[in-house]
Structures are given as C-alpha cells and as structure tokens.
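Everything below concerns the one structure shown next.
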Amino acid sequence: MGIEFEGGSRFFRLFGSGKDTDAGRDVTPTAVPGAASANAAHAILMQDISDFLLGNGLAVTANNLLAAHAAFSGEDAALARKIVDRRSAGLPITQEWLDQNRAADGLQESVKKIVGALETSLETFTQTTRSAHAAAENYNSQIAQQVSAVPDSADPTAMVAALEGIAQEMIARGNEFAAEMKRSEAETESLRKELEKARHDADVDHLTGLPNRRAFEGLLDRHFREARQEAENLCVAFCDIDHFKRVNDTHGHDTGDRVIRAIGEALARITNDNCHVARQGGEEFVMLFRGKTPQEAWDKLDAVRENFGARNFVNRSTEEPIGQITFSGGIADVFAYANPRDALKAADEALYRAKEEGRNRIMLAG
C-alpha cells in the first residue's frame, strides 16, 4: 500500500514497497517533481482512496470516504499503519474492521459537538433565568407599591377588598416564581459543572489518563502560536510500542493495556508546562517539546526509551515472564516544515524508519 505524505515539493510513499495488494500496482518510493506535483499528488490520492474502497468491497459512503482520506492523506497515521499491518498479515479489511478502528474518534468528536451545543444552550438558559428572576422581583415591587397606594380612608367596599386580595395573591405567586428562578440558577450551575467534567473527559484517554489526540491538537496549535511569537524551538515526536501485537496475542489484552499504561506513565514523567504527551491511539503516543532543539528532545526521549527497555514485565494472571518491552520513536522540528501537520508527518516517517532499522531506537526526521 502506498500512502502519500507531502514534504516541500516532493511526495513520499511510505509504509511498504512492492505490489499494492488491492490494485496490484507498483508502490515503490517515488517522487513527483515539477510544478504539476500538487495535481499529480491529488490524482494519486484519489486513486488510492478508490482502490482501497473498491478493492476491499467497501461501500462508497461519507464515513468510508473520510476514513480512507484520513489514512491515505496522512491525517490519521495510526489508521494508516493499522491498514498496513492488516494487509501484511493477509487479513481482509472489512466494513466491521474499519468501523471499529474509526469508531472511537467519531464518538469523541460527537461528544465534543454535543457538549458544545449544550454549553451554548445552558448559557442562553442562564441568561434567561437571571432576566426572569430580575423581572419577577421588579414585578413584586410594583405590585407592592400599588397595594400600599390604596388610601387608608377608603371605604371597605367589596371591590377594594377583592382588588387587595388579588394583589396579595399576585405578590405570593411572584415570590414563588422568584424562588423557582433562584433554584433554576443553582441547578444550571450544577449542570454546567457536570458539563465541564464531561468536556474534560472527552479530551482524556481513559486507559492512560493522558490527553487524547484531539486534546493534543489543541495543545499543539497553542504552543505553535506562542513558540513562533517568542522565537522558541518546538519539536513533535511519535512513539510506538514495538511488537505490541505479539504481546496482545500471547498474553491477552489486559496485559497489553498494562503495557500501554506503563509506557504512558514513563513518558508522562518528563512532561511539564512545555512538554506534553498524549495517546494517539492504539499503542502509539505523540509528544510535544517546546524550548528544546531536536537533539535535546532526542536526549530526553531516548533516556526514557533506554530506562523503560531495562524493565522486565510479568503477566500478572499467569506469572509468565513477558520480558523486555521497548518502543521506537521519531522526532521532527516543527519550524523546519510549512506547518505543524507536515512536521507530524515527518515525525511519523522518522518513526517508521526506526521500525525498519531494527526498532528500540529514536530517529530524527530529515
């Protein structure tokens, strides 16, 4: 399979060589030079998406097109690598498999949209209840003034008595309404706090407790703007657990989850206000290093790799030794590329080279 990554005026084919299992065409590394490179790359991307969907008997739906575009454009490197691994294993890419590997991102995006819509509705509701509360208090004051304006010397006729009774009833109802509005404000504030928690949860990977990919994108955008303004270094990195499928297949998913958490904890130990780690998905993590040169970022990440690789894991259920668990990584200088997305692609390419050259190592892009 070929997956196009754009870098300057060249378009690199990653993740495999030889014959494409879907289309049967050569996908050895190629470059498209010249002024027409963008059009040529778009044509290749369209062809790859078409071959992927039709070659695997997948329906041409909006969701499938989005998934294929994300994988083949490099937007979702984790999905791209899963596709490569599945093809390498000779397994079919079915609709169920594709849905399972894209469902989590779609769910998180849906949750974020729902939370955003509810926050807007709550803000409107809060303003409405406050206005209603103020109006009710004002209404009570006006009614009270009208009642007090009835002359003491007025004859106690039936009409006056009736009007006073009505006024008192309106005052009582107004007080009840004002109290209800106060309760509504309190309930709204409670619900707002719950939504804050829901929004936080939507940005957190529940297995590791780290930020997820969506949250990382927000961090990257913010640090990119700030680092550019302050003329500071900014690097990004991808890390991927080596031979993770073997761990899952041999020792089970519970052990695999423990390994993912352990690496997440190891990477999190070097984080601070200018260093962030997030779970990209599956067994992959993404990192940001602000104020560090690529070499300095490499030194920090490689120290984690070396220390982690020295540990020995044991299957808690069977007490069977798992042995050493290692990970590979790729690092890119964000400002060496046109935008952060291109830098992420370069870091992912460096990670893939680390895998090809033996794993358990960190490679610099370029």
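The values are calculated or read from the model by the stated rules, or taken from the named source; none is laboratory data. Worth saying up front: this structure is predicted, and the values here are computed from it rather than measured. We place every Cβ from the backbone using ideal geometry, glycine too, and count neighbours over all the protein chains shown. Please note that ligands, DNA and RNA were not included when accessible areas were found on the heavy atoms of the full protein model with its side chains. Shrake-Rupley method; radii C 1.70, N 1.55, O 1.52, S 1.80 Å.
Could you list all residues from segment 322-337 that are over 17 Å from Ile260 (Cα atoms) and without any contact (Cβ under 8 Å) to a residue 40 or more places away in the chain? Talk me through it step by step, then tell me what you get.
Our first condition is that a residue be over 17 Å from Ile260 (Cα atoms); within segment 322-337, this holds for 330-337.
Across segment 322-337, the qualifying residue is only Ala336.
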Q. Give me the pairs: first residue in segment 215-244 and farther than 26 Å from Asn360 by Cβ and open to solvent by 10 Å² or more (accessible area, probe 1.4 Å), second residue modelled with pLDDT under 95 and not in a helix (DSSP H, G or I), beta-carbon distance under 6 Å, and six or more apart or on different chains, which are they?
A. Ala215/Asp203
Q: Scan segment 197-216 for residues that are at pLDDT 75 or above and in contact with a helix residue (DSSP H, G or I) (Cβ under 9 Å, 6 or more places away or on another chain) and report the count.
A: 13
Q. Restricting attention to segment 314-343, and to residues there that are touching a strand residue (DSSP E or B) at 6+ places or on another chain (Cβ under 8 Å) and open to solvent by 40 Å² or more (accessible area, probe 1.4 Å), which single residue is farthest from Pro294 (Cα to Cα)?
A. Glu320
Q: Only residues in segment 264-277 that are over 21 Å from Thr326 (Cβ atoms) count as the first member; pair them with residues that are modelled with pLDDT under 95, Cβ under 6 angstrom, at least 6 apart or cross-chain, and list the lot.
A: His276/Leu219
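Could you say whether any residue in segment 252-263 is of a type in the set (Gly, Ala, Ser) and under 22 Å from the mean Cα position of the chain (by Cα)? First the steps, then the outcome.
Step one: list which residues in segment 252-263 are of a type in the set (Gly, Ala, Ser), which gives 252, 256, 262.
Applying the additional criterion that residues be under 22 Å from the mean Cα position of the chain (by Cα) yields 256, 262.
Yes, that holds for at least one residue.
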Q) Any idea which of Asp48, Asp22, Asp85 is more than 18 Å from the chain's Cα centre (by Cα), at pLDDT 85 or above and over 30 Å from Glu196 (Cβ atoms)? A) Asp48
Q: Within segment 69-87, track down each residue that is closer than 17 Å to Lys345 by Cα and open to solvent by 40 Å² or more (accessible area, probe 1.4 Å).
A: His69, Glu75, Lys82
Q: Identify, by number, the condition in (1) modelled with pLDDT of 95 or more; (2) open to solvent by 30 Å² or more (accessible area, probe 1.4 Å) that Asp257 doesn't meet.
A: (1)
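Yes/no per residue for (1) farther than 24 Å from Met46 by Cβ; (2) modelled with pLDDT of 70 or more; (3) surrounded by fewer than 18 Cβ atoms within 10 Å (Cβ to Cβ); (4) touching a Phe, Trp or Tyr at 6+ places or on another chain (Cβ under 8 Å):
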| position | (1), (2), (3), (4) |
| --- | --- |
| Ala67 | no, yes, no, no |
| Pro92 | no, yes, yes, no |
| Leu98 | no, yes, no, no |
| Gln108 | yes, no, no, no |
| Lys113 | yes, no, yes, no |
| Ser131 | yes, no, yes, no |
Q) In segment 297-313, which residues are open to solvent by 40 Å² or more (accessible area, probe 1.4 Å) and touching a residue at least 60 places away in the same chain (Cβ under 8 Å)? A) Trp298
Q. Restricting to segment 242-264, what's the tally of residues that are within 17 Å of Ala89 (Cβ to Cβ) and touching a Lys or Arg at 6+ places or on another chain (Cβ under 7 Å)?
A. 1
